[in-house]
Amino acid sequence: MEYFLQQLINGLTLGAIYGLIAIGYTMVYGIIGMINFAHGEIYMLGAFISLIAFLAATTIGGTSVPIALLITLFATMILTSLWGWTVERVAYRPLRGAPRLAPLISAIGVSIVLQNFSQLAQGARVKPLPPVFHGGITLMEGNDFTVSLNWLQMVIMALTLVLMAGFTWVITRTSLGRAQRACEQDMKMASLLGVDVDRIVSATFVMGAMLASVAGLMVTLYYGVIDFYIGFLAGIKAFTAAVLGGIGSLPGAMLGGLLIGLIEAFWSGYFSIEYKDVATFGVLVMVLLFRPTGLLGRPDVEKI
Amino acid sequence: MLPAALRDAVLAGLVASALALPMLGFRLVDSATGLTLAGRFDLVAWAAGIVFCGRLVIRLLPPLPGLPALPAGTKNLRLGAGWILAVIALVLPFLPFADRNLVDKATLVLIYVMLGWGLNIVVGLAGLLDLGFVAFYAVGAYSYALLSQTFGLSFWICLPLAGMLSAGFGLALGFPVLRLRGDYLAIVTLGFGEIIRVILQNWQDVTGGPMGISGIERPSLFGLSFKAVAPEGHQTFADFFGLDYSADHRVIFLYFLILALALATNLFTLRIRRLPVGRAWEALREDEIACRSLGINPTAVKLSAFALGAMFAGFAGSFFATRQGFISPESFTFIESAVILAIVVLGGMGSQIGIVLAAVLLVGLPEWFRELQQYRMLAFGGAMVLIMLWKPSGLLSHREPTIRLGDPR
Amino acid sequence: MSLPLLDVEHVTMRFGGLFAVNDLSFSARSGEITAVIGPNGAGKTTLFNCITGFYKPQVGRMALRHPALDHLGGELLLERLDDHAINRRARVARTFQNIRLFAKMSVLENLIVAQHTALMAASAFSLAGLLGLRRYRDAERAAVARARHWLDRVALTGHADTAAGSLPYGHQRRLEIARAMCTDPLLLCLDEPAAGLNPRESAELNRLLRSIRDQDGIGLLLIEHDMSVVMEISDQVVVLDYGRKIAEGSPAEVKRDPTVIRAYLGEPEDADLPPELTGGPSC
C-alpha cells in the first residue's frame, strides 16, 4: 500500500511533465493538423536554457533560491518560446498548403538540427545539477517503507495546475483563444472573417513552447541530469499522451500525460523498468483499437 | 525596398542573438565545484551577424528558381535516365577511380535505396504513414543472424526466410492497426519501432542485448567462399577463378548482391504498380471511401502493402547483417526510420528515380564528410528542411499513368 | 410488373437523438429510375449511406433481389454486408455528392480500378499478373475494352490519359458515373449527379441516365435537387421530409401532392407551385 502510494505520487509528477509537453502537440495538431516532431527538442532546449538561466541567476543574483527560480522560470519561458516561434516561422510556415508529409519531414529535419546543435553547443555529456530543493513531508510511515512527497513534487504539481488554469483561461476567455478555436474549426473561414491566421499559428507555437519549457525546467530540477538526447523519448511519450487523450483535446492531453506517467511509474515499480516503454505503447495501441480517437477525442463521424 | 529589407534583417539578427544567447553564449562546464558557466559571447555576435547577412541577401536576391519542370511526355527521358543509372551502377566497381572505399559507400547508399523503394510501397503508393519502418529492417537482420547462428543455415536460405518473417511481423502489426486514420497509424508504427528496439536491447538471452550479435556468417557465391582460406569442403572464390586472394572481392560481391536485391525490388514495384493490387494501393491513397464503394476491401489492400514493404525491409536487413557481420540495437533507432521516410518524401513520393537521387543526396553525400562528424548530422537535418522548403512535393513528383488507352497490349 | 430490385423496409437510422431516416419503406425496380427528393436535411444522403453500407441502420431491412444473384440465394440483405462487400457481392454502385475520384490517377486508371474485383480474380490476386501470364493480360484487355466503352458513352475518350483531378467539374461528374458503371452494377445510386452542372450538361446527363436505364436495364436510384432532372427522367419519386416518407408515386402524382408542396414551401394556401416543381427551368 505504501509502495503503491509512492508510485502514484511519482507517476503523477512524471505525468504532469508529460502532460505539459503533450499540450503543445495537441494544440498544433488541432490547428494546422501537423505532428510537430520538433516539439520534443523544444522541451530539451527548455531544459538546457533553464539550467543555464538558473546558473546565471545564482551566479549573478546571489543565494535566494526562490527568486533565482522565478527569474529562471520567466527567462526560460521567454527564450524557449522564441525558439518555438522561430522554428514555426522558418521551417513550417512556408509549407502551409504543401503536401501533408512535407511539414512532417521538415519537422524531423528541425529535430535533428536542434539535437545536434545542442550537442555541439553544450557537449554530449550529461549535465548534472545538484538538488535545489531539500526535504519534503512524510505522508505515511509503514514498517519498512516511507511514503514521502517532497517539496519539488509539490511545486511541480502546483505549477502544472496553475499553468493549466491560466491556459484554460486563455483558450476559453480571451480573444486570442477564441481565434485559436476558430482556426481549429475552420482555418479558411477564420481567415475570411479577418482572423490573422499566421499570427494565431505563431501564438500557438509560442504557447506550446512555453509549456514545454516549463516541463524542461521541472525535469532539470526533478531529475537533476539532462542531456541533448532527452527530447526524443519525452517527445514520443508526450505525443503518445496526446493521442491517448484524443489529439486536439487539451484536457485529453493532460489526462493522457498523467496516464502515461502513471503507467510508467507503476510498470517500473511492479514489473520491469526495461519494458516500461513497451507497456506505454502497448496501452496506446489497446486504447486506439477500442477508441480510435483517443479517450477524450471527439468521435469522428465519417463525412461521406 | 532596401530599408524594408534592412529592417527585416536587423530584426532577424536580433532574434538570432536572443536565440543564441543562452545556447551559444554560455557553455556549461563541469568543474570541481559542480556545473559552472563559461561565457563565449563572440559566438552570439557571429550568429547574429550571419543571420543578418543571410536574411539581407535572401531579401535582396530574386527568389530561387525551381527545377525546370519536366516537359510532358517525358516517359522516354525518365526511362533513359533509369537505364543510364543502372549501367553506371553495374560498372561502378570497375571504374578506374573506384576504390574499396567508394564501393563500400555505394553499397551503403544502395541499402537505403532498397529500403526507400520498400517503404515507397507503403508510404508513396498506399499512402500509409509508417514511422517505424526500421523495425522490419531489424527483424530481417536479427532473423538472419539468429537463423544462421542457431541452425547454421546459409545466407541464401535465410534471405527468403527473413523476408517472410518480416512480412509476418508486418501482417501481425498491420492487422489490428491499419483501421486507424493516418496520424494515429504514424504514432502506432513509431511505437512499434521503439518496442522492437527495446526488446532487442533487453532480451539478452536471444538477442545479446546491447552487445548485439557478432560473427555473423558472410554470404558465399554458389558455395564459393570469400574468405582467405576456404572452410572444409568448400572452395574460395579466388581459387576457383585462379585469382590472388583479395579482400576487395568480397566488397565487390556484396555491392553486386545489394544491387541485385535493390533492382529486384524496383522491378517488383514497377510491375505491381500496373497490377490490380498496385492500382488499388494508389486508389486507396487518393480516396479510401471511393475505394470501398467500388468493392475494394481497404484492410486487405493496406495489409498487402504493409507486408510487402516489410518483406523488402527484411531482405535489406539480412543483407545489412551479412555485410556488417555484426548487428546491435543501435543500428535500428528511430533516426533510421526518419532517414528512410525522408528519402521517400524528398524523392517525390512514388518516384523510383527520385528515391535514388534522394538516397545519394541524404546518405551518399554526407558519407564524404565523415570527418566532420557532428556538423554532418547538423547539415543533414538542415538539408532535409531546405529541400522540403525548396520542393515541397519532392524532387521528382511527376506521375506517369500505369496504363494508357493507346498502349499496345 | 417485375419483382422489385431493392426493397427498403422500415429502415431507421439515428444519430444520437436525431432520426435522420425514420421508418422508411419503398422499393426500386430494374429498368426504372427512382428519384429520392426532399428538402435539405431530409435524410436522403443518409439513406444512400445505409444502402451502400457506409452506415448501418439501427432498424430495418434492405433486400436486393435479382436473378443474377441466384447463386447467392437470390436475395442479399444489404444491412448485413460490409461497405466494400456491397459493391462486390450485391453489385450496388454509387457516386458521391462531393465527387470522389482518384484525383492523381488518370481517367482510364480510375475506370480500371473500378474493375478491381474482376481483375483480382483473373490475376489470382495479382500473382498471375506478376508472372505475366496470358490469363491476366486477357483480363486486362477486357477491362480496358469495358473502360473504353464507358469512356465513349460519357464522351471522355479524348481525356483517357489525363489526371482525373484536372478535368473540369462536369467531366468529373460523368467520369464518376462511368466509374460506378464499370463495376457492372445491378443498382446504381447517384447522389445529386446534376449538382453544379450547366443546363447543357444537365441535358446530357439526362440522356446518359436514360440510356443506362434502357440499354443496360439496371435500376437507378437518384437523389436530386434539380427538379427538372427529377421530373423529366424519373419513373417513380419518393419524397422524404425529416427522415420520413411523405409521398410516393409518379412525378405527376407527386407534383400535385399537397403534403409535398407543404414540405417544400411551408404553408399550402399561398403556395403557387415553384417553377422547379412544375418542371420549368431551374438554376
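Take C:GLU79 and decide whether it is more than 12 Å from every other protein chain (Cβ to nearest Cβ) and under 25 Å from C:CYS189 (Cβ atoms). Spelling it out, C:GLU79 is indeed more than 12 Å from every other protein chain (Cβ to nearest Cβ) and under 25 Å from C:CYS189 (Cβ atoms). Here the condition is being without any contact (Cβ under 8 Å) to a residue 24 or more places away in the chain, surrounded by fewer than 23 Cβ atoms within 10 Å (Cβ to Cβ) and in contact with a strand residue (DSSP E or B) (Cβ under 9 Å, 6 or more places away or on another chain); of C:LEU127, C:LEU76, it holds for C:LEU76 alone.
Exactly one residue among B:ALA135, B:ALA167 is away from chain A (no Cβ under 14 Å), assigned to a helix (DSSP H, G or I), in contact with a helix residue (DSSP H, G or I) (Cβ under 7 Å, 6 or more places away or on another chain) and of a type in the set (A, V, I, L, M, F, W, C), and that residue is B:ALA167.
Of the residues making up the stretch C:53-69, none is outside any helix (DSSP H, G or I), of a type in the set (S, T, N, Q) and buried (at least 24 other Cβ atoms within 10 Å of the Cβ). Of the residues screened, C:LEU111 is one that is assigned to a helix (DSSP H, G or I), in contact (Cβ under 8 Å) with a residue 40 or more places away in the chain, out of contact with any Ser or Thr (no Cβ under 8 Å at 6 or more places or on another chain) and not assigned by TED's automatic domain parsing to the domain that holds C:MET13.
How about the stretch C:147-247: which strands (runs of 3 or more DSSP E) wholly inside it have at least 2 residues that are away from every other protein chain (no Cβ under 14 Å) and among the aliphatic types (A, V, I, L, M)?
Filter on the stretch C:147-247 gives C:219-223, C:236-241.
Residue pairs whose Cβ atoms lie under 6 Å apart, separated by 6 or more positions or on different chains, with the first residue in the stretch A:73-99 and over 19 Å from B:GLY381 (Cα atoms) and the second aliphatic (A, V, I, L, M) and open to solvent by 50 Å² or more (accessible area, probe 1.4 Å), are A:MET77/A:MET210; A:SER81/A:MET210. Only one of the listed residues (A:PHE228, A:PHE290, A:PHE205) is of a type in the set (Phe, Trp, Tyr) and closer than 30 Å to C:THR45 by Cα. That residue is A:PHE290. The single residue among B:ARG179, B:ARG197 that is assigned to a loop (DSSP other than H, G, I, E, B) and at the interface with another protein chain (Cβ under 10 Å from one of its Cβ atoms) turns out to be B:ARG179.
Results for (1) under 21 Å from A:PHE37 (Cα atoms); (2) open to solvent by 40 Å² or more (accessible area, probe 1.4 Å); (3) of a type outside the set (A, V, I, L, M, F, W, C), shown as yes or no for each residue.
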position	(1), (2), (3)
A:GLN185	no, yes, yes
A:SER191	no, yes, yes
A:ALA203	yes, no, no
A:VAL206	yes, no, no
A:VAL214	yes, no, no
A:LEU221	no, no, no
A:GLY224	no, no, yes
A:TYR229	yes, yes, yes
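Test B:ALA358 against the stated conditions and say whether it is touching a residue at least 24 places away in the same chain (Cβ under 8 Å), assigned to a helix (DSSP H, G or I) and either under 19 Å from A:ILE108 (Cα atoms) or more than 11 Å from chain A (Cβ to nearest Cβ) (or both). Taking the combined requirement at face value, the residue satisfies it. Looking at this structure, is C:ARG148 open to solvent by 60 Å² or more (accessible area, probe 1.4 Å) and over 18 Å from C:ILE33 (Cα atoms)? Here the answer is yes, as C:ARG148 does meet what is asked. When B:PHE332 is tested against (1) surrounded by fewer than 24 Cβ atoms within 10 Å (Cβ to Cβ); (2) closer than 21 Å to B:LEU173 by Cα; (3) hydrophobic (A, V, I, L, M, F, W, C); (4) away from every other protein chain (no Cβ under 14 Å), only condition (1) is not met. Criterion applied to A:LEU161, A:LEU176, A:LEU139 was being touching a residue at least 24 places away in the same chain (Cβ under 8 Å), more than 14 Å from chain B (Cβ to nearest Cβ) and open to solvent by 70 Å² or more (accessible area, probe 1.4 Å), and the one residue passing it is A:LEU139. Only one of the numbered conditions (1) more than 8 Å from every other protein chain (Cβ to nearest Cβ); (2) surrounded by fewer than 21 Cβ atoms within 10 Å (Cβ to Cβ); (3) under 20 Å from the mean Cα position of the chain (by Cα) is violated by A:PRO66, and that is (3).
Could you tell me whether any residue of the stretch B:199-215 is small (Gly, Ala, Ser), more than 30 Å from B:VAL229 (Cα to Cα) and open to solvent by 10 Å² or more (accessible area, probe 1.4 Å)?
So far as the stretch B:199-215 goes, no, none of its residues is small (Gly, Ala, Ser), more than 30 Å from B:VAL229 (Cα to Cα) and open to solvent by 10 Å² or more (accessible area, probe 1.4 Å).
Can you say whether B:LEU119 is under 22 Å from the mean Cα position of the chain (by Cα), aliphatic (A, V, I, L, M), assigned by TED's automatic domain parsing to the domain that holds B:CYS291 and surrounded by fewer than 24 Cβ atoms within 10 Å (Cβ to Cβ), as far as the supplied structure shows? Here the answer is no, as B:LEU119 does not meet what is asked. The listed residues are B:PHE319, B:PHE380, and the only one of them that is of a type outside the set (S, T, N, Q), facing another protein chain (nearest Cβ under 8 Å), open to solvent by less than 20 Å² (accessible area, probe 1.4 Å) and in a helix (DSSP H, G or I) turns out to be B:PHE380.
Yes/no matrix, rows are residues, columns are (1) among the acidic types (Asp, Glu); (2) over 29 Å from C:MET13 (Cα atoms); (3) in contact with a helix residue (DSSP H, G or I) (Cβ under 7 Å, 6 or more places away or on another chain); (4) modelled with pLDDT of 90 or more:
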| residue | (1), (2), (3), (4) |
| --- | --- |
| C:MET227 | no, no, no, no |
| C:ASP241 | yes, no, yes, no |
| C:ALA252 | no, yes, no, no |
| C:ASP272 | yes, yes, no, no |
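Might you check whether a residue that is open to solvent by less than 50 Å² (accessible area, probe 1.4 Å), facing another protein chain (nearest Cβ under 8 Å), of a type outside the set (Val, Ile, Thr) and in a helix (DSSP H, G or I) occurs anywhere in the stretch A:258-280? Looking through the stretch A:258-280, at least one residue is open to solvent by less than 50 Å² (accessible area, probe 1.4 Å), facing another protein chain (nearest Cβ under 8 Å), of a type outside the set (Val, Ile, Thr) and in a helix (DSSP H, G or I).
Yes or no, residue by residue, for (1) at the interface with chain B (Cβ under 10 Å from one of its Cβ atoms); (2) farther than 29 Å from A:LEU152 by Cβ; (3) of a type in the set (Val, Ile, Thr):
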| residue | (1), (2), (3) |
| --- | --- |
| A:TYR18 | no, no, no |
| A:LEU51 | yes, no, no |
| A:THR80 | yes, no, yes |
| A:TRP83 | yes, no, no |
| A:PRO94 | yes, yes, no |
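Of the residues making up the stretch C:80-104, those that are in contact with a strand residue (DSSP E or B) (Cβ under 7 Å, 6 or more places away or on another chain) and without any contact (Cβ under 8 Å) to a residue 60 or more places away in the chain are C:ILE86, C:ARG89.
In summary, B:ILE252 fulfils each of the numbered conditions (1) open to solvent by less than 20 Å² (accessible area, probe 1.4 Å); (2) β-branched (Val, Ile, Thr); (3) in contact (Cβ under 8 Å) with a residue 40 or more places away in the chain; (4) more than 14 Å from chain A (Cβ to nearest Cβ) with the single exception of condition (1). For the stretch C:130-145, a residue qualifies if it is crowded, with 20+ Cβ neighbours inside 10 Å and either among the acidic types (Asp, Glu) or more than 10 Å from chain B (Cβ to nearest Cβ) (or both), and exactly one does: C:GLU140.
The values are calculated or read from the model by the stated rules, or taken from the named source; none is laboratory data. In this text, all values refer to a predicted model and were calculated from it rather than measured experimentally. Don't worry about glycine lacking a Cβ; one is built from the backbone with ideal geometry, like all the others, and counts go over all protein chains shown. Ligands, DNA and RNA are stripped out before the accessible areas are found, and what is left, the full protein with its side chains, is counted by its heavy atoms. Shrake-Rupley method; radii C 1.70, N 1.55, O 1.52, S 1.80 Å.
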